[in-house]
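Have a look at the structure that comes next, please.
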Amino acid sequence: MSYAYDDTNIFAMILRGDIPNATVTETDHSLAFRDINPQAPVHVLLIPKGAYVTIDDFAANASVEETADFWATFASIIESEGLAPGGFRVISNAGEHGLQEVPHFHLHILGGRSLGPILTG
Ligand code: AMP
């Protein structure tokens, strides 16, 4: 499936430098920053710099370089945030049923406490 990317979304604005962010790490192809409304002691958002709408858009259409960079950045965040010993959760909301608010693919990386059941709704 192909997706129409809306470059007025807030993460596109962050990538253009139009609004600030609390950067955790940045690479050639990826950016990680702290969620403005954290749901856990650690709540990092990891995004590709490329214009991908959802996780399946990224999986189907990102280049080998973007994909490798993204997962290497993911691993570095788990390490730098100290999440591996206690464990963590990764969420990617997609589309209407996933209640995705920002239509630029992102992983929520959550940890720092026990996170409870995976679904409540
Ligand atoms: P989702 O529902 O998966 O699209 O989640 C979007 C996330 O982006 C929410 O957790 C918001 O708190 C977060 N968010 C929205 N605007 C910003 C911002 N300017 N900086 C950091 N996080 C943001």
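The values are calculated or read from the model by the stated rules, or taken from the named source; none is laboratory data. All figures in this text were calculated on a predicted structure; none of them were measured in a lab. Note: ideal-geometry Cβ built from the backbone for every residue, glycine included; neighbour counts use all protein chains shown. Side chains are part of the model used for accessible areas, which takes the heavy atoms of the whole protein and leaves out ligands, DNA and RNA. Shrake-Rupley method; radii C 1.70, N 1.55, O 1.52, S 1.80 Å.
Along the three principal axes, how long is the chain when you take its alpha carbons, biggest first, rounded to the nearest angstrom?
Extents along the principal axes: 37, 33, 29 Å.
Give, as a single signed number, the net charge of other residues whose beta carbon lies under 13 Å from the beta carbon of T27, with Lys and Arg counted +1 and Asp and Glu -1. Kindly include the intermediate steps, with their values, before the conclusion.
Values: positive: K49; negative: E26, D28, E65, E66, D69.
Neighbour charge sum, excluding T27 itself: -4.
May I ask for the net charge around D6, where only other residues with Cβ less than 15 Å from the Cβ of D6 are counted and Lys, Arg are +1 while Asp, Glu are -1? Walk me through the numbers before you get to the answer.
Numbers: positive: R16; negative: D7, D18, D57, E96, E101.
Neighbourhood net charge equals -4.
Still on this structure, please answer the following. Treating only the Cβ atoms of Lys and Arg (+1) and Asp and Glu (-1) as charged, compute the dipole magnitude of the chain about its Cα centre; round to the nearest 20 debye.
Details: 5 positive and 15 negative charges, 94 e Å.
With only Lys, Arg, Asp and Glu charged at Cβ, the dipole is about 460 debye.
OK, next. In µm²/s, what is D for the range 40-94 at 25 °C and 0.890 mPa s, where D = kT/(6 pi eta Rh) by Stokes-Einstein and Rh is the Kirkwood radius from Cα pairs?
Details: Rh = 12.4 Å.
In µm²/s, the coefficient rounds to 198.
With every protein chain kept in place and ligands, DNA and RNA left out, what is the accessible area per residue of the chain? Probe 1.4 Å, answer in Å².
Numbers: 7070 Å² over 121 residues.
Using a 1.4 Å probe on heavy atoms only, each residue of the chain averages 58 Å².
Next up: Connecting C-alpha atoms closer than 10 Å in a GNM of the chain, tell me which of A51, A60, A32 has the biggest fluctuation.
Looking only at A51, A60, A32, the largest GNM fluctuation is found for A60.
Check Y52: other-chain or 5+ apart residues with amide H under 5 Å from its amide H, H built from backbone geometry?
Excluding prolines and chain starts, which carry no amide H, the hits are F105.
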